[in-house]
Amino acid sequence: MNQFINLLIQQLQQTTLLEWIAVILGVAEVLLARVNNVWLYPTGIAGTLVGTYVLLMTGLYAESVLNVYYVVMSIYGWVFWITKRGANPVKISWCTNKEWKIVAAIVFIGWAVLYLVLKHFTNSNVPVWDSFVSSTAWAGMWLLARRKIENWVLLNISNLFAIPLLFYKNLVLFALLTLFLFVIAIWGYLEWKAIYKQEKLAAQAA
């Protein structure tokens, strides 16, 4: 326990301004997502771009690629969510069978491809771990962009494996952020379920 506390203190002392900015924007993004606010996307894009640089410097290449994917999917989600001025936003819903098949393809094909790339073209010492964290998060982001309730489940699978990975890489502050995101994702899942139920009841009443 003392070793962990000392590591945490040391990490906080060595934390750069860019790391703090990435973490603060990451917290803001997930809080906005939890309350179903579209501003989660521009906030997330900014934080992701900063975080990408930090991750590259520590050799977490798949997570860096994941961040690029986050930016692309955030732009897609932003457009998909807002659609066009005056139009109703896309409503929260559950995954269809077709969407679950796409999720499975993103997770397992993405995992395999990323692993092969990391294994043969980088000096990564955690190719299996790093690639799995990224592929499950890819699937979660795709579901978030489509406003599917299950996005929280996929993102938390990614978070669960990312926390020890980040500690292993001595990115304690990022690991604590991910732990925070894990807790918030549970909260978000419950809130989105409640919103879905309210919208369904309102539609039936109308």
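Got a sec? Which of 150, 199 is of a type outside the set (A, V, I, L, M, F, W, C), touching a helix residue (DSSP H, G or I) at 6+ places or on another chain (Cβ under 8 Å) and touching a residue at least 40 places away in the same chain (Cβ under 8 Å)?
The match here is 150.
Only one residue in 165, 176, 155, 143 is touching an Asp or Glu at 6+ places or on another chain (Cβ under 6 Å) and either surrounded by fewer than 23 Cβ atoms within 10 Å (Cβ to Cβ) or in contact (Cβ under 8 Å) with a residue 24 or more places away in the chain (or both), so which one is that?
None of the others qualify; the one that does is 143.
Give the number of residues within the range 127-147 that are closer than 13 Å to residue 95 by Cβ and among the charged types (D, E, K, R).
Selection size over the range 127-147: 2.
Being assigned to a helix (DSSP H, G or I) and touching a Ser or Thr at 6+ places or on another chain (Cβ under 8 Å) is the filter here; which residues of the range 136-154 pass it? If you could, list the steps in order and put the result at the bottom.
Applying the first criterion (assigned to a helix (DSSP H, G or I)) to the range 136-154 yields 136-145, 151-154.
Those that are assigned to a helix (DSSP H, G or I) and touching a Ser or Thr at 6+ places or on another chain (Cβ under 8 Å): 136, 137, 140, 141, 145, 154.
Return the pair list, or none, for Cβ contacts closer than 6 Å from residues in the range 35-56 that are more than 16 Å from residue 174 (Cβ to Cβ) to residues that are outside any helix (DSSP H, G or I), at least 6 apart or on different chains.
Filtered contacts from the range 35-56: no entries.
Against the definition (of a type in the set (S, T, N, Q) and touching a helix residue (DSSP H, G or I) at 6+ places or on another chain (Cβ under 9 Å)), how does residue 125 come out, yes or no? Lay out the reasoning, then the answer.
Values: of a type in the set (S, T, N, Q): yes; touching a helix residue (DSSP H, G or I) at 6+ places or on another chain (Cβ under 9 Å): no.
Against the criterion (of a type in the set (S, T, N, Q) and touching a helix residue (DSSP H, G or I) at 6+ places or on another chain (Cβ under 9 Å)), residue 125 does not qualify.
Just to check your reading of the model, which residue among 113, 133 is part of a helix (DSSP H, G or I), of a type outside the set (D, E, K, R) and touching a Ser or Thr at 6+ places or on another chain (Cβ under 6 Å)?
133
Would you mind finding the one in 202, 137, 105 that is farther than 19 Å from residue 63 by Cα and among the hydrophobic types (A, V, I, L, M, F, W, C)?
Being farther than 19 Å from residue 63 by Cα and among the hydrophobic types (A, V, I, L, M, F, W, C) holds for just one of 202, 137, 105, which is 202.
When you go through 108, 132 one by one, which is the residue that is at pLDDT 90 or above and crowded, with 18+ Cβ neighbours inside 10 Å?
When all the criteria are applied, what remains is 132.
I'd like to know if the range 7-23 contains one or more residues that are over 18 Å from residue 179 (Cβ atoms), at pLDDT 80 or above and not aliphatic (A, V, I, L, M).
no
Please state which of the following conditions residue 24 fails to meet, knowing it meets all the rest: (1) in contact with a Leu (Cβ under 6 Å, 6 or more places away or on another chain); (2) surrounded by fewer than 22 Cβ atoms within 10 Å (Cβ to Cβ).
Status for residue 24: all satisfied but (1).
So, in the range 135-146, exactly how many residues are at pLDDT 90 or above and over 20 Å from residue 55 (Cβ atoms)?
The qualifying residues number 1.
Every residue in the range 55-69 that is among the aromatic types (Phe, Trp, Tyr) and closer than 16 Å to residue 119 by Cβ, please.
Within the range 55-69, just 61 meets the criteria.
Identify all residues within the range 163-203 that are of a type in the set (S, T, N, Q) and part of a helix (DSSP H, G or I); write none if there are none.
Within the range 163-203, 178, 198 meet the criteria.
The values are calculated or read from the model by the stated rules, or taken from the named source; none is laboratory data. Keep in mind that what you see is a predicted model, and the values were worked out from it rather than measured. Every residue, glycine among them, receives a Cβ derived from its backbone with ideal geometry; neighbour counts consider all protein chains shown.
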